[in-house]
1. Of all residues in the range 333-360, which are within 11 Å of the ligand (Cβ to nearest atom) and either of a type in the set (Lys, Arg) or assigned to a helix (DSSP H, G or I) (or both)?
2. Let me confirm something: among Glu126, Glu90, Glu135, Glu68, which residue is under 24 Å from the mean Cα position of the chain (by Cα) and of a type outside the set (A, V, I, L, M)?
3. Cβ-Cβ below 6 Å, separation at least six or inter-chain, first residue in the range 93-122 and at pLDDT 95 or above and surrounded by fewer than 22 Cβ atoms within 10 Å (Cβ to Cβ), second in a loop (DSSP other than H, G, I, E, B) and acidic (Asp, Glu): which pairs?
4. Restricting the search to the range 1-25, which residues are among the charged types (D, E, K, R) and modelled with pLDDT of 95 or more?
5. Does Ala465 meet the test of being within 10 Å of the ligand (Cβ to nearest atom) and either buried (at least 22 other Cβ atoms within 10 Å of the Cβ) or under 20 Å from Leu371 (Cβ atoms) (or both)?
6. When only residues in the range 468-477 that are surrounded by 16 or more Cβ atoms within 10 Å (Cβ to Cβ) and within 29 Å of the chain's Cα centre (by Cα) count, which is farthest from the ligand (Cβ to nearest atom)?
7. Taking the range 142-177 as the search range and keeping residues that are under 23 Å from Tyr244 (Cβ atoms) and among the aliphatic types (A, V, I, L, M), which one is modelled with the lowest pLDDT?
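The values are calculated or read from the model by the stated rules, or taken from the named source; none is laboratory data. The model shown is predicted, which means the values in this text are computed figures rather than measured ones. Counting neighbours? That spans all protein chains shown, and the Cβs are built from the backbone with ideal geometry, glycine included.
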Amino acid sequence: MPRTVLVQFDQLHREHGALREAVAGRERILLVESERMTTGRCWHIQRLWFMISAARHFAAALEAEGFEVDYRKAATTVDGISAHRAEFGEREIVTAEPSSRRLRASLEAAGVNFVPNDFFLTSRDEFQAWAASQETLVMENFYRRQRVRLGILVADGKPTGGAWNFDADNRLPPPKGHVYPRPLSFELDEIDRQVLAEIEGRRKVHPEDYWGYGPSGVWGTTRAAALAQLDDFLSNRFENFGPYEDAMPRDSWSVYHSLLSPYLNVGLLHASEVIEAVRVRFQQGGVSLASCEGFVRQVIGWREYINGIYWFFNENYRESNGLAANRKLLPLYWNPQSTEMNCARSVVEDLRERSWVHHIPRLMVLSNLALLTAVNPQEYLDWMRQTFIDASEWVMVPNVIGMGVHADNGQMMTKPYAGGGAYVNRMSNYCGGCRFDPKKRTGEDACPLTTLYWDFLDRNREGFARNHRIAQQVKGLDRLSDLPEVRVRAREVLAKLEAGEL
Ligand code: SF4
């Protein structure tokens, strides 16, 4: 039977997935730009633009290689497959296993055949076997096993440098008067401009479906751009990645981060080629072990762990709400001008500009605030999915439900990532320009994060007291002589944040 390779929009790699064995002239190629994927939600313009333009560039590259490519728009991916079959006759449709549960179910029902999803370094079965053998799903244990299994920064089963992690070296605050490397800038080509014009056209009719600014030049949409970004990271930022990976300086949105996650998550880069390039660069010298280890941890540890967790838990995991958090999403998440909190306003403004901020503003500003204010986890998850350029379903479900807002009752992380203004003050320079005082928990100028942090512990005191990882923080409540005033101030802060007045 004739065969068509369905290339999903997050599987844009010639040597992986169902394309690996494909031969020009033998298989047809199908890409479906589905309306379900692109309309009906309030997407960040750059997120949508990146996803569509990368797919169209990839389709053009396959055509240039000699493939017959059917790139079609349809209401859903399944409708696109039906239309393809109607035009080209009954045929086997093959694709790599989708990375979201919903798409997997609908493609399976449409009779699509799957090859294993090899866009990760760890198969779903491998992760299942590891997770099933563990008492708790501690990422550090998975990561060490990955180091040994993949032979990265290990010799004879022992970690290079005598330690598995160098977190203590990698938590420096932003240095004063520092000059950060400038990120690469990419010019829009004809395909990029065409995609943008289509989005702008739809935005005129449905402005409610779009958020954020158009392409700012920081993201490319081709394999060549992805490789250039990798090269730029290795040449200009890798060396200082580790020490400042948690820092949030106001004068640099990119710090020393690799900016590779959008490319990795649509398949324009594969984790194996990133790790190999990192290994070679590290061997050349001039990069500290702490920087190398910190980056390797992100790629072979966190990224693989998060994907494994997504498939390890069942479909109900996405709906978890263990802390019974039911507040509506605060207005500041869509409108940064509606808050005077310098940290939150700056981070959402950065997000609006580039559809990306690094992992610490995501975790310790945006998610921390959602956690402390008891925003509904699914509302917050939807917002994250729609606004971040790298927000695949498999990335965001565990990162939000398990890590960001602790909605899974600790199935993934053993404690909530809650913090007051002290953390933001130490790791950023937001507080210096803020009308609030990070040390104060009561009064008109009290930092909202600090007030809400203590209120959060107080509200959850009973449940958290049984958790040894956070019990110490809960005990701190006993030392607060002004706890009644904190509770009162917390009610005021919550009401004002809900109204977009603080
Ligand atoms: Fe954010 Fe509080 Fe610092 Fe202001 S004082 S920037 S609200 S942490």
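1. Asn342, Cys343, Ala344, Arg345, Ser346, Val347
2. Glu126
3. Going by the 6 Å Cβ cut-off, the qualifying pairs are Phe114/Glu97.
4. Initial filter on the range 1-25 (among the charged types (D, E, K, R)): 3, 10, 14-15, 20-21.
If the condition is that a residue be among the charged types (D, E, K, R) and modelled with pLDDT of 95 or more, then Arg3, Asp10, Arg14, Glu15, Arg20 are the ones that fit.
5. When the stated conditions are applied, Ala465 does not pass them.
6. Ile470
7. Within the range 142-177, the match that is modelled with the lowest pLDDT is Ala168.
Yes/no per residue for (1) without any contact (Cβ under 8 Å) to a residue 60 or more places away in the chain; (2) over 29 Å from Gly201 (Cβ atoms); (3) acidic (Asp, Glu); (4) loosely packed, with under 14 Cβ neighbours inside 10 Å:
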position: Leu19; (1), (2), (3), (4): yes, yes, no, no
position: Gly25; (1), (2), (3), (4): yes, yes, no, yes
position: Arg28; (1), (2), (3), (4): no, yes, no, no
position: Leu31; (1), (2), (3), (4): yes, no, no, no
position: Trp43; (1), (2), (3), (4): no, no, no, no
position: Gln46; (1), (2), (3), (4): no, no, no, no
position: Ile52; (1), (2), (3), (4): no, no, no, no
position: Phe58; (1), (2), (3), (4): no, no, no, no
position: Asp79; (1), (2), (3), (4): yes, no, yes, no
